[in-house]
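Engineer: Pasting a structure below so you can have a look.
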Amino acid sequence: MKNIIVFLLFTIAGPCFAQGLTGNWAVKDPLPDGTFRTTYLSLKQDVERITGTIRVTQFYYKIAESTGNAEGFTLTGSMMDGASERRVKYEGKLVGEELHVATRRRPDAPLIEMVAHRVPEGEGAYPARRPLPELHKVSDNGLARTPPMGWNSWNKFAGRVDDAAVRGMADAMAANGMKEAGYVYINIDDTWEGERDKDGNITTNKKFPDMKALADYVHSKGLKIGIYSSPGPNTCAGYEGSFGHEERDAKTYAAWGIDYLKFDWCATRNLYSDEEMRAVYQIMGDALLKAGRPILYSLCQYGRADVWKWGPEVGGNAWRTTGDIRDSWDSMTKIGFAQDELAPFAGPGHWNDPDMLEIGNGGMTDDEYRTHMSLWAILAAPLLAGNDLRDMKPVILEILTNREVIAVNQDKAGKQGRRASKSGDQEVWTRPLADGGIAIGMFNRGSAAAQVGVKWAEIGLKATPKKARDLWTHGDVKMDGTEYTAIVPAHGVAMLRVTP
Ligand code: GLA
C-alpha cells in the first residue's frame, strides 16, 4: 500500500515537479515613464537543471547557470556585448499557473517582483527582416553646410531626460550666450519613446506629455529641436524603434516640428549585417526627404562599415566615427586623436562625428576640456554640448562659447584638419581655412607642461605668418623666424590662427 502511494505521488507530482518550468513565459514589467518591458523566458527544466533563453527587447541571454527547481530556482542569463559579458539573474518559483520571478535592474538596485504567464511558442518573436531597397543616391537636403551645433541630452541625462529638462536647456541656451555663439539644436536622445498607437503612430512616454508643444516652445526661443530613433525594432535603451515605420515616423516628426534626427543602429544588428547598413539607412534618408520639413539626418552606427564612404549617399549630414565617448581624458583623446585619416570624407553638408562633447560634465580638468573643444573644432566635428546648461561654471561656458575657436569649427571651407606632426606626447594639428589662413592646434598629451613647437615650413608656409591670433588668450601674437614654440600645460592646448 505504501508503495502504491509513493508510486501515485511520483506519477502525479513527479513530472510536474520535474518539468514544471518547461515552456514559454512572458512578463510585462512597467517602467516609471509609463512604458513596459516584456521579458520572454523560454525554459526547459530537467529535474534540477534549467536551460533556455531570456529575452528582454533586443537582448538575448542564454541561461548559463541555474539552481533549484520549480519550487524555488535561480537563473543566470549571459550575453556577450562586444568583448564584455552582460548578465541577468532571476529568482523565482512556480505558484499554480503563475511563474513568480524577481530580478534587479542593476546588481545594487532593489529587487523587482513580477508575475509571468505562459504564452504559446512564437509569441513575442523578434520581428523578421524586411526586404531592403535597391541602392540609390538620396538627394542632399541642403542642411549642415557647417557642422551642426547644439546640445544633446544623452551624456548628462541618459534616461532621466524629460520635458522640463529640455525646456530648461532651451531657456539656458537662449539666455547664456550659446545661441549667439552659434548653438541652435536642442536634441532629445533615447528614452522619449512611448508605444505605437493602433494605427502604428509612435507616441511619447509620460516624460514627454506633448512633443508638439515642446517643439513649439524650443522654436519660440529661436532654436531648433532634435529627436532620436533607430532603424531597428528597438533603440539602444530598449525603446520602440522605427523598423518598418520609417515613413510614418518621419511624418510624425515633421508634424511635431522636429528639425534633426539621430538614427542609432543598435538593435538593427539582430536583423541586418554591417554590409546591409547603407540600404537600411537609405530607407530613413528617403523618408525624411518626403516628410515635408527639413530634418537634419545624423547616422549613429559607431563608425562601422566605413560609413564615411557612403554616409552622404543615404542623405546623412553626419555620421558617428567611433563608439560612445565617456567623460574622461582617455576616452576623449583616444577618439579625438584617431580621426586624422577620415579628414577627406568631411565637407559641407556631411561631417565625421567623433561623438558629443563632454565639456563641463566633471570628469576632466579645464585644460582637458579646452583640448576637447579645440580638437573638435579642428576636426570640423558637430559641437553638441552634453552638459547641464542650466548649471555650469563660468569657465565651462567660456570654453563652450569661445567664438574664435567656434569660427574655426564653422569655417565655410568645411575642410577637416589633420595631424601635421607628432613627437612623443606633443602633436600639432592644422586646419586650412576659407580665408587662406590656417588654424593650428598645439597639443600636449603628456602629464607635465611641455614645449610644443611648429615650424612654418612643416605646415606648408613659405614665410613667417604676417598675422597670428592666440584663440584661447584672445591676443595677437608677434611671429618672427621659422617657427613658433609655446609652453603648453599638461593635457592642454595652444591654438593659433595664422594668416600667411
Ligand atoms: C548609443 C549611442 C549613444 C546614445 C545611446 C542611447 O549608445 O551611441 O550616443 O544615443 O545609444 O541609448
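Engineer: Run the reach check for K179 against lysines, Cα to Cα strictly under 22 Å, same-chain hits fewer than 8 apart removed. What comes back?
Structural biologist: K156, K212, K221, K224, K262, K393, K412
Engineer: Please work out the C-alpha center-to-center distance from the range 233-258 to the range 186-224 and express it in whole Å.
Structural biologist: 11 Å
Engineer: While we're looking at this one, here's another question. Among the aspartates and glutamates, which fall within straight-line cross-link reach of K93, defined as a Cα-Cα distance under 17 Å, with same-chain neighbours fewer than 8 residues apart omitted?
Structural biologist: D46, E48, E65, E71, E113
Engineer: Let me make sure I get this right: for the range 111-259, a, b and c are the square roots of the gyration tensor eigenvalues over alpha carbons, sorted descending. Under 1.5 in a/c it's rounded, otherwise prolate if a/b > b/c, else oblate. Which is it?
Structural biologist: The shape class here is oblate.
Engineer: Please go through the range 321-379 and write out the trypsin sites (Lys or Arg not before Pro) that DSSP classes as loop and that have at most 16 other C-beta atoms within 10 Å.
Structural biologist: In loop regions of the range 321-379 (DSSP not H, G, I, E or B), the sparsely surrounded trypsin sites (Lys or Arg not before Pro) are R326.
Engineer: Right, something else. Which helices, counted as full DSSP H runs in the chain, have an axial Cα extent of no less than 20 Å and a Kyte-Doolittle average of -1.0 or above?
Structural biologist: Helices meeting the span and hydropathy rule in the chain are 2-19.
Engineer: Using θ = phi - 60° and the Karplus curve 6.51 cos²θ - 1.76 cosθ + 1.60, what whole-Hz ³J(HN,Hα) does each residue of the range 290-302 get, with Gly and Pro shown as x?
Structural biologist: These are the phi-based 3J(HN,Hα) values: 8, 6, x, 7, x, 10, 5, 10, 10, 8, 10, 9, 6 Hz.
Engineer: Per 0.36 nm of contour for each residue apart, how much would the distance between V95 and D46 grow if the chain were fully extended, relative to their Cα-Cα spacing?
Structural biologist: This chain segment gains 15.8 nm when fully extended.
Engineer: Roughly how many Å² is the accessible area per residue of the range 138-214, as a whole number, for a 1.4 Å probe?
Structural biologist: 37 Å²
Engineer: Roughly speaking, to the nearest percent, how much of the chain's 1.4 Å accessible area is carbon and sulfur?
Structural biologist: The computed percentage sits at 53.
Engineer: State the extension gain, in nm to one decimal, for the chain segment bounded by T365 and D330, taking 0.36 nm per residue of separation less the distance between their alpha-carbons.
Structural biologist: Between T365 and D330, full extension yields 11.4 nm more.
Engineer: Turning to a different aspect of this structure: Placing unit charges on C-beta atoms (Lys and Arg positive, Asp and Glu negative, everything else neutral), compute the dipole magnitude of the chain about its Cα centre in debye, rounded to 20.
Structural biologist: Rounded to the nearest 20 debye, it is 500 debye.
Engineer: To the nearest 0.05, what FRET efficiency results for K422 and D140 with a Förster distance of 45 Å applied to their C-beta separation?
Structural biologist: Taking R0 as 45 Å, the efficiency between K422 and D140 is 0.80.
Engineer: Let me ask something else. Under the definition of Cα pairs under 8 Å and six or more residues apart, what whole-number percent is the relative contact order of the range 132-270?
Structural biologist: Details: 220 pairs, mean separation 30.7, N = 139.
Worked out over the range 132-270, it gives 22 percent.
Engineer: Sticking with the crude label model, points 7 Å out along Cα→Cβ, report the distance from T499 to F36 in nm, one decimal please.
Structural biologist: 6.6 nm
Engineer: Between Y60 and E247, what length comes free when the chain is fully extended (0.36 nm per residue of separation minus the Cα-Cα distance, one decimal in nm)?
Structural biologist: Contour length minus the Cα-Cα distance gives 64.5 nm.
Engineer: How high is the relative contact order of the chain, in percent, with contacts defined as C-alpha pairs under 8 Å that are six or more residues apart?
Structural biologist: Values: 1124 pairs, mean separation 49.7, N = 500.
The value is 10 percent.
Engineer: In nanometres, what is the gap between the two model label sites at V395 and T203, each 7 Å from Cα along Cα-to-Cβ?
Structural biologist: 4.8 nm
Engineer: So which lysines can K422 reach, going by Cα to Cα under 18 Å and dropping same-chain residues fewer than 8 places off?
Structural biologist: Filter leaves K334, K455.
The values are calculated or read from the model by the stated rules, or taken from the named source; none is laboratory data. Because the structure is a prediction, the values reported are computed rather than measured. We place every Cβ from the backbone using ideal geometry, glycine too, and count neighbours over all the protein chains shown. These accessible areas exclude ligands, DNA and RNA; they are computed on the full protein's heavy atoms, side chains included. Shrake-Rupley method; radii C 1.70, N 1.55, O 1.52, S 1.80 Å.
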